[in-house]
1. Output the strands (runs of 3 or more DSSP E) that fall wholly within segment 248-359 and possess 1 or more residues being among the small types (Gly, Ala, Ser) and surrounded by fewer than 22 Cβ atoms within 10 Å (Cβ to Cβ), or say none.
2. Out of everything in segment 198-214 that is open to solvent by 70 Å² or more (accessible area, probe 1.4 Å) and at pLDDT 95 or above, what residue ends up being nearest to the chain's Cα centre (by Cα)?
3. If you take just the helices (runs of 4 or more DSSP H) that sit entirely in segment 69-180, which of them hold at least 3 residues that are closer than 30 Å to Pro48 by Cα and either in contact with an Asp or Glu (Cβ under 6 Å, 6 or more places away or on another chain) or at pLDDT 90 or above (or both)?
4. Count, please, the residues in segment 226-284 that happen to be in contact with a strand residue (DSSP E or B) (Cβ under 9 Å, 6 or more places away or on another chain), small (Gly, Ala, Ser) and under 17 Å from Leu160 (Cα atoms).
5. For a quick check of your reading of the model, give me the residue pairs whose first member lies in segment 177-189 and is closer than 14 Å to Val161 by Cα and touching a residue at least 60 places away in the same chain (Cβ under 8 Å), whose second is among the basic types (Lys, Arg) and not in a helix (DSSP H, G or I), with beta-carbon atoms closer than 9 Å and at least 6 apart or on different chains.
6. Criterion first (at pLDDT 95 or above, out of contact with any Asp or Glu (no Cβ under 6 Å at 6 or more places or on another chain) and closer than 24 Å to Pro150 by Cβ) does Met272 satisfy it?
7. Which of the residues belonging to segment 181-232 are assigned to a loop (DSSP other than H, G, I, E, B) and closer than 16 Å to Leu248 by Cβ?
Amino acid sequence: MKRRHLAALMALAMVLSGCSARPEEPPAPEPIKIETLRVEISKNDQDPQALLQEIRELPELLKAGFDAVAEDTGVEVGDVTVTVGTSPAATAQAVGEGSVDVAFLPAAEFGRSGDGAAAVLAEAENHGLSNAGSVPADWNGSEHATALVPGVRQAGTFALVCAAPTAYGAQLSARAESGQALTWEELSRARWGVLSRDSLGGWGCLAVWLAENYDGGTVEQLPDVTEYESFEALLRAAAAGEIDAFPLQADARLDVADAWTLGEDEKSSGGMSGFGREKSVWEEVRCIGVTPTLYTTVAAVSAGDSALTGDAFQNALDTVLVNLGEQEPGSMAAFGSAWFARIGGGDLEPLRELLELAE
C-alpha cells in the first residue's frame with residue numbers, strides 16, 4: 001500500500017514538474033544607443049535660404065520622434081544634428097565614408113556614387129494599389145476603378161505599358177491577355193506615345209522594361225515615337241486614335257475615369273474636359289506590361305555601421321518619418337518627399353540599369 005502511494009506521489013511530481021516547465025523566451029535584443037545621429041540633406045532645387053529655414057527645427061523634431069518610439073523599437077538617440085550637403089555627390093560620398101549616418105539624396109546620385117552606403121527608404125505615395133503586381137492581367141477590369149488603398153505606403157514609381165483603343169492597340173492587348181509574350185516586331189509596328197526623358201513614369205520605366213524584356217531594346221529603337229507633355233495628353237492621344245501604345249504611371253486611369261465617357265464639350269466634377277469615348281477607360285485602355293519600379297529620392301545609411309543597417313534602426317527611422325509626415329507635414333519638404341517607405345538592397349537595380357542606358 002505504502003509502495004503504491006509512493007509510486008503515485010512520484011508520478012504526480014513528475015507530471016507537475018512537466019506542467020511547470022516553460023520554453024525559454026528568447027532574450028530581448030540589446031538596445032541600440034546612438035549618442036549623436038548625424039543626418040545630412042542633399043542640396044536640392046529649393047532656395048538655399050528656404051532650405052536652411054526648414055532644417056532649423058528638424059534636429060529637435062527628429063530627436064522628439066526617436067524619443068517617442070524608443071521603447072517600442074529599442075533605439076535610443078541622444079542627440080540629432082542636421083546639415084545640408086554642398087551637392088548630391090558630396091552627400092553620397094559623406095554617407096559612404098561614414099562621416100554622416102543618414103543621408104537624404106537623389107536616388108540617381110546614390111546609384112552613381114553610393115559606394116559604402118545602403119539605401120533603406122525611398123519616396124512613397126501615402127496609399128497603395130490593391131492590384132499592384134507584375135502580371136498585366138491584374139490591372140485590367142472595371143473593378144480596378146477603386147484600386148487605391150489609403151494608408152498603405154507604396155515606394156517609388158512604376159508604369160503600366162498600355163494599349164490604346166485603336167485597331168492595332170486591340171491586337172496588342174488581345175495577344176497579351178491571351179498569355180502570349182509580345183515580340184519586339186509587334187511593338188515596333190505600334191505608334192508609341194511617351195513623355196520627356198526626365199519623366200520616370202513616362203519614359204524611364206518604359207526604357208528599363210524594354211531593355212529587360214527585349215535584349216537591350218531602347219525607346220529610341222522604336223520606329224514611331226511621339227513625345228507628349230503629360231499623362232493626360234497621352235490619354236487624349238490614345239482616345240483620339242493617334243497612338244497605339246504608351247506608358248502610364250500606375251494608375252493614372254483613375255484620374256480620367258469620370259471624364260473618359262463625357263463629351264468633349266463637357267466637364268467632369270473635377271473640371272476635366274471629356275474624352276468623348278463611349279466605353280469606360282477600364283474597358284478601352286488595357287495593360288500589356290508592368291514595368292520595374294524606379295525611385296527619385298532615397299534615405300541611405302552608412303553600410304559600415306551595423307547598428308544603422310539593422311532592422312531595428314530602419315524600423316525606427318521609418319516610424320519617425322511617418323509620424324513626422326502626419327504631425328508636421330510642412331517639415332518633410334526638406335527631405336525631398338512627404339512620405340517614405342522601406343526598400344530592400346536590390347530595389348535600386350532597375351534605376352542603375354536606367355543610368356547605364358543613359359550613358
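The values are calculated or read from the model by the stated rules, or taken from the named source; none is laboratory data. What you see is a predicted model; the values in this text were computed from it and never measured. Glycine gets a Cβ as well: all are built from the backbone with ideal geometry, and neighbour counts include every protein chain shown. For accessibility, only protein heavy atoms count, side chains too; no ligands or nucleic acids. Shrake-Rupley method; radii C 1.70, N 1.55, O 1.52, S 1.80 Å.
1. So the answer is 340-342.
2. Taking segment 198-214 first, the residues open to solvent by 70 Å² or more (accessible area, probe 1.4 Å) are 198, 212-213.
Within this subset, residues satisfying the condition of being at pLDDT 95 or above are 212-213.
Working: Glu212: 19, Asn213: 21 Å.
Ranking the qualifying residues of segment 198-214, first place goes to Glu212.
3. On the way: elements: 88-97, 107-113, 167-177.
Of the helices (runs of 4 or more DSSP H) lying wholly inside segment 69-180, those with at least 3 residues that are closer than 30 Å to Pro48 by Cα and either in contact with an Asp or Glu (Cβ under 6 Å, 6 or more places away or on another chain) or at pLDDT 90 or above (or both) span 88-97, 107-113.
4. The qualifying residues number 6.
5. Glu177/Arg286
6. On the way: at pLDDT 95 or above: yes; out of contact with any Asp or Glu (no Cβ under 6 Å at 6 or more places or on another chain): yes; closer than 24 Å to Pro150 by Cβ: yes.
So Met272 fits the description; yes.
7. Taking segment 181-232 first, the residues assigned to a loop (DSSP other than H, G, I, E, B) are 181-183, 189-191, 195-199, 214-218, 222-224, 228-230.
Ala190, Arg191, Leu195, Ser196, Ser199, Tyr228, Glu229, Ser230 - these are the residues of segment 181-232 that are assigned to a loop (DSSP other than H, G, I, E, B) and closer than 16 Å to Leu248 by Cβ.
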